[in-house]
Every structure is written in structure tokens, then in C-alpha cells.
Amino acid sequence: MTDSRLAIIILAAGQGTRMRSETPKLLHHLAGIPIVSHVLATARELDAAYTVAVVRHERDLLVDVITEQLPDGLVVDQDETPGTGRAVEQAVDALPADFDGDVLVMNGDTPMLDVQTLAGLVDEHRRSRAAATLLSAYLPDPSGYGRIVRHTDDDDSRADGSAGRVDRIVEHRDATDSELAIAEINAGVYMFGASELRDLLPQLSTHNAQGEKYLTDVIELLRRAGSEVTALPVADSWLVAGINDRAQLSEAAAKMNALIIRGWQLAGVTVQDPLTTWIDLKATLEPDVTVLPGTQIRGATVIARGAVVGPDTTLVDCEIGQGAIVKRTDAELAVIGAGATVGPFSYLRPNTVLGAGGKIGTFVETKNARIGAGSKVPHLSYVGDAHIGEKSNIGAATIFANYDGIVKNHTEVGSHVRTGSHNVFVAPVTIGDGAYSGAGTVVRKNVPPGSLAMNVAPQRNLEGWVASHREGSAADLAAKRAESATADNSTTAEPVAPDSGE
């Protein structure tokens, strides 16, 4: 009986030296998640019986990501023998001995590859009953890629422009001048039968420019045995584009971001300038959200219907309520309630919660702060480790002094509180419901509900101080001109007749 099961092998053992990074290539982020996570997610959608990932460099970091996404997946450590052929050989050895189904082999650095393309490859392989089926692409500049050499004596023209059976695949470094002129490249995605791989992989050698066991040599071995090998060209070459350096990562990011934004636009989201807007894969936007230019929506941010975000705003793992307005703001792990307004030039640090209809205004920084519904922190303030009740107003330039040099302390502000400008709340301290504070007040003790807190000394005016301490200065001259003008006005004023009583 034919084994209809599918096994997937993901090659993730490459070092990625062209990235010039201490971070493994496959763990660089694209649309908010590691490159390899895109590949793992696509593989999971195919519902394979077995998924095997082959790792080597920085294996522990990679294994953490792989096992989180594929708890039932198998992980194989590639040994000292280099090359994709050896990696696949070890992966096949990890499959159950009775597995005789199809094997899909793909690279871990092709994040743009979608499930529709892979499913099409699986279907074509099973339909054609070829010994091997691979994905190919036509590139205007195929430099660096393996070339597909076809048997051109066949009368096998196709509508997609390819012709002839696949004869062999030649790696770029091993290609002749005529082979380098071939524009059809190997995309690095293959379908084989498990039994064919078990027979042929041990026959691979390392006699090539790289000194590696090439998986692509299996194609030539199959052809020598008289087996048929077919190639399925992809509609768009970017689907199979690998990522080897920062430039390619940037290109892939731009392409994926354009696809993500188009998807949200078709779902009812207004994105005014897609070229300056970045939206991560895990973000969620409801219809009638408006995203203005220069905005980054990162992580698992959720934006509710009717909210307006931007311009020049970055949201990381935030929750934005219905109809909220957030402009020129940086926020991380913050919750902004329905109808609230934030910005411009606000900085919301983790665990900031702004209630419905509340306001965090210009040049305000918050951290670990809960601000109640309808409450406002309009200007030039820092609110840290605090809870503010409902419908309170915090005056301009107010500082919640939370750190005593050892620990962060909490400030509790009640509802319907009105504080003057330039206050300092020295935590831990509590301001009761309905309390007021005067301008310039430093609050060190609890303020009872309904009280007025003030500790500013009465104002004293030391007349003539500038003349005695800054004689001849611009300030002194200005003051004397003002005094002279006042004196002149008093001498020229018309006398007022006394009330005659008539």
C-alpha cells in the first residue's frame, strides 16, 4: 500500500557569515518574528506527519524557537560533514524506519515562501509521479544560485517558458561559462520519495569546489538511473528569495511589509502612506482604523475600530481602544482606552494604562501608571509607579518622585483631584479624592480628601535689588526706563474733580 504521509525537512544549520552578526541569521527578525519562524509557520500549515529541523551553529538558540512553534517536531544536529546532502541524510535517518512517504526539503531562510506554493509543489510531485520535483525561478541576475540544466532534446515546452526535463543542478562555483548564462535557478525546495533518498544520499561525495555533500547531486544520480525529475517554476521569484545578508533582509522586509499593509487596506484599514508605515505580522487592526505616515505598529499590538494612529508614532505590544487618537508617541506594553488622546511627543513605558476618555499630553512620560477614565496629564510631566483616579487633572510640569535611591515607591491620587502646576509628589504618598494643591507644592505627606495642599512661602519683592546688585546691566536700564515712564504718566494725568454731590 502506498504511504501517503508527508515529512518536511527544514535546513537550518548554516552559519550565516554574510550577516556579519553575533545573532544567528535565522533569528534575525522580519515583520516582528525570526526569519525561521516564518518557515516553521508555513510548514505547520501543510499538516505533515513529521517535521525535522537540522541545526548546527548556535543550535540552542534555534532549538528554543523551533520547539516553541513545533513541539512535536524533531531536531537533528548536523555532524562535521558539511553540505545540504549530509544534512538531509541525517534528517532522513531520524524518520521512522517504516516511513515511505514523500519528503519535502526546504531552507530555513526563505520566509516569503507561502503555503499555496508548497502545496502546489506537493500536488505536482504526486500528480506527475516524478522521482523528484523541485521549485525553480527565473532571475535577471542569477549570480550565486545553482543553475538548472535541462535536457533540451525533449519536445516538452511549457506555457511558463521552461522546456525539457531537468538533467542536473550545477552550483554557481562549479558552473561553466555556458551554465552561468542560464537564468533558471534552483530555489532550494525539493520533493523526493523517502526510499529514493535512503538509496542515493549515501552515494554523495565531497569532490567539488566547496568540499561539501550537495543535495543537488541527487538529481543527477536520479537522471543517470533513468528516473524523471521535474521543475516547477514559481510565478514570482521573490517567493523563493533566500536571505543571506542585511541587504537581502531589508529587501524581504519591504516586500513583506507591503503585502501586510495591502492585506489590512483590503480589510478596511486606511494606511495613508504605505512606504513609511511598518506593521508587524502579529498586529491586529479593526476596520476604520487610520494609520498616518511614519508609524510603526510592532509586536502583538491591537488597534480598535475608529482609532487614529500617527503620524510619527511607534507602538510595541500595545492595546488601543475604539476611537482613540495617538499622535507622535512612543509606547510599549501600554493600554490606551476608548476615546482617549495621547501626544504629541508622549512616551508611554510598560504597564501604562490610560482609561477611556483620558489624556496624556505633550512631553509627558509615564511608567507603571494607571490613569483613570477622564483624567488628564496634559503637559511636561512624569508619572511613574502611580494610580490616578477618574476625572482628575494633573497640572503642568508635575513630577511623581518615585525613586528613593533604593526602591520605587507608589503614589495614589484619588478621583476629581486638581493639582497646581510644578508640583512634586514624593512617594510614597496619597492625595485623597477631591483634593487640590497649589502651584509649586511639594507634597511629602498624605493629603486628606477635599483638602488644599500648599507649602510655598509668601512672595517677597526686594525693590531696588537689580540697581544695587546689577547696576548698569540691561535689566537695570530697562527697570529705570519703566520707572521713568511710570513717573511721567503720573505727572501728566488729568486731575479728577471731586463728586459735587449734585
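The values are calculated or read from the model by the stated rules, or taken from the named source; none is laboratory data. Keep in mind that what you see is a predicted model, and the values were worked out from it rather than measured. Neighbour counts are summed over all protein chains in view; Cβ atoms, including those assigned to glycine, are modelled from backbone coordinates with ideal geometry.
Observations on the model:
- Complete set of residues in region 300-310 that are closer than 25 Å to His29 by Cβ and either surrounded by fewer than 17 Cβ atoms within 10 Å (Cβ to Cβ) or outside the structural domain of Val342 (by TED's automatic domain parsing) (or both): Ala300
- Residues that are part of a loop (DSSP other than H, G, I, E, B) and either at positive phi or among the β-branched types (Val, Ile, Thr) (or both) were ranked within region 67-94; the one that is surrounded by the most Cβ atoms within 10 Å (Cβ to Cβ) is Gly83.
- Annotation: Leu259 fulfils all but one of (1) under 16 Å from the mean Cα position of the chain (by Cα); (2) among the aliphatic types (A, V, I, L, M); (3) not in a helix (DSSP H, G or I); the unmet one is (3).
- Hits in region 95-126 (condition: in contact (Cβ under 8 Å) with a residue 60 or more places away in the chain, assigned to a helix (DSSP H, G or I) and not small (Gly, Ala, Ser)): Val115, Thr117, Leu118, Leu121, Val122, Glu124, His125
- From the options Thr270, Thr313, Thr341, residue that is outside the structural domain of Ile33 (by TED's automatic domain parsing), β-branched (Val, Ile, Thr), under 18 Å from the mean Cα position of the chain (by Cα) and on the phi < 0 side of the Ramachandran plot: Thr313
- If you go through region 373-391 and keep only what is in contact with a Gly (Cβ under 9 Å, 6 or more places away or on another chain) and buried (at least 22 other Cβ atoms within 10 Å of the Cβ), you end up with Ser375, Val377, Ser381, Ile388, Gly389.
- Within region 354-411, the residues that satisfy the criterion of being within 23 Å of Pro344 (Cβ to Cβ), part of a strand (DSSP E or B) and touching a Phe, Trp or Tyr at 6+ places or on another chain (Cβ under 7 Å) are Thr362, Glu365, His379, Tyr382, Val383, Gly384, Ala386, Ile399, Phe400.
- Of the residues Gly432, Gly420, Gly450, the single one that is within 30 Å of Ala482 (Cβ to Cβ), of a type outside the set (Lys, Arg) and at pLDDT 95 or above is Gly420.
- Failed item in (1) at negative phi; (2) touching an Asp or Glu at 6+ places or on another chain (Cβ under 8 Å); (3) among the polar types (S, T, N, Q), with Asn368 passing the rest: (1)
- Tabulated pairs, region 308-334, first within 14 Å of Val291 (Cβ to Cβ) and free of Cβ contacts under 8 Å to residues at least 60 places away in the same chain, second assigned to a loop (DSSP other than H, G, I, E, B) and acidic (Asp, Glu), C-beta under 7 angstrom, 6+ apart or interchain: Arg328/Asp312
- Boolean, Pro71 is in contact (Cβ under 8 Å) with a residue 40 or more places away in the chain, out of contact with any strand residue (DSSP E or B) (no Cβ under 6 Å at 6 or more places or on another chain), in the same structural domain as Gln15 (by TED's automatic domain parsing) and not basic (Lys, Arg): no
- When region 425-477 is filtered for residues that are polar (S, T, N, Q) and within 47 Å of the chain's Cα centre (by Cα), the ones remaining, listed by number, are Thr430, Ser437, Thr441, Asn446.
- Within region 176-209, tally of residues that are under 27 Å from Met112 (Cα atoms) and in a loop (DSSP other than H, G, I, E, B): 3
- Checked against (1) modelled with pLDDT of 95 or more; (2) more than 27 Å from Trp278 (Cα to Cα); (3) within 25 Å of the chain's Cα centre (by Cα), Ala41 meets all criteria but (2).
- Selection from region 50-60 of residues that are surrounded by 15 or more Cβ atoms within 10 Å (Cβ to Cβ) and either touching a strand residue (DSSP E or B) at 6+ places or on another chain (Cβ under 7 Å) or outside any loop (DSSP other than H, G, I, E, B) (or both): Tyr50, Thr51, Val52, Ala53, Val54, Val55, Arg56, Arg59
- Test: Val271 is under 30 Å from Thr2 (Cβ atoms), buried (at least 20 other Cβ atoms within 10 Å of the Cβ) and of a type in the set (A, V, I, L, M): no
- First in region 47-67 and in the same structural domain as Asp93 (by TED's automatic domain parsing) and within 18 Å of Val88 (Cα to Cα), second anywhere and assigned to a strand (DSSP E or B) and charged (D, E, K, R), Cβ under 8 Å, 6 or more apart: Val54/Asp77; Val55/Asp77; Arg56/Asp77; Arg59/Asp77
- Selection from region 349-368 of residues that are surrounded by 24 or more Cβ atoms within 10 Å (Cβ to Cβ) and more than 17 Å from Ala396 (Cα to Cα): Thr352, Leu354
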